[in-house]
1. Using Cβ counts within 10 Å as a stand-in for footprinting exposure, how do 219, 233 rank, fewest first?
2. Helix 270-282 sits at what angle to the longest principal axis of the chain, using alpha carbons and giving 0 to 90 degrees rounded to 10?
3. Want the number for residue 239 to residue 347: 0.36 nm per residue separation, take away the alpha-carbon distance, what's left?
4. Beta carbons within 10 angstrom, averaged per residue: use that to sort the peptides 178-185, 161-168, highest first.
5. Which of 237, 84 has the fewest other C-beta atoms within 10 Å, and how do the rest follow up to the most?
6. Find the eigenvalues of the gyration tensor of the Cα atoms of segment 266-348, then list the square roots of 5 times those eigenvalues as equivalent ellipsoid semi-axes, largest first, in whole angstrom.
7. If packing is taken as the mean number of other Cβ atoms within 10 Å per residue, what is the order of 66-75, 245-254, highest first?
8. In percent, what relative contact order does the chain have, based on Cα pairs under 8 Å that are 6 or more apart in sequence?
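The numbers here are math on the coordinates, done by the rules we state, and not lab data. Everything numeric in this text was worked out from a predicted model, so none of it was measured. Every residue, glycine among them, receives a Cβ derived from its backbone with ideal geometry; neighbour counts consider all protein chains shown.
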């Protein structure tokens, strides 16, 4: 079913393909949808630059997923790694499952959320008196197979950020209380956004985000006029505005679906892998996350372009997004971290076509 033109939608969403500018942010989000193992996106930029609008537009664009009906974890009926324990037990007993489709979920994490609200709670009294694991799922359960969006992530409690990143990395959430332990799948794309004026994330936490997109207020007057006009048209007649972008939306959706299908066949030359690691080493990037994410993102962008072979141009486009937040801060350095990475790339790769 094509949900894009669903007139019953209570709150029409601004179309992803109508968003002007902010190419870094849009590319990072699309690549994470193609390969969620990239590890999410941290979007840093000024207020009013369309961060949350873009994330919601992406979710609206994505195809529906198959889920087990009335399951609180959006269980995938075909993948045991994405099933709740209850669904796995039903399959083992050969009991039939009611299967339906739904839009990929997008869960907003409120700033004041507690750990119980995020991870879920265990009703100890019920567990002890009735002998059952009484679990009340939290936001991580609702976000399984979807997108978890944290606005102003730099204002979130560090402990809570740790919990989110651990779940995003492992794909599982475990709640333990009074000797009782419950685990459930929590495989989601973590998208954080924030305003650098309100403080940066700790480097250890920043490093855990796969990609980092920097966005700013559009400066070009003609683009600013276009953005204002687009918004005015959408506010005046959202359904009509969305209809004008239906063809572009469907094209991009099909391109993403195709990219996800061919991703497993995409290859990257060993020579390019070595060059990527040389760049990470020369930039003094701690650990190997930078190397791993850059390789994954390069494959994802090749798949997005419909190719099964990574080119230097692919790497050039994504390497600043993968490494800029992993560089050690030098307050005396005037060059932008993205430009520094691009310059080093050009020196390491013999030729690049811009």
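1. Numbers: 219 8, 233 14.
Listed from fewest to most nearby Cβ atoms, that is 219, 233.
2. 80 degrees
3. 34.0 nm
4. 161-168, 178-185
5. Listed from fewest to most nearby Cβ atoms, that is 237, 84.
6. Details: eigenvalues 104, 30, 23 Å².
Its equivalent ellipsoid spans semi-axes of 23, 12, 11 Å.
7. 66-75, 245-254
8. After rounding, I find 21 percent.
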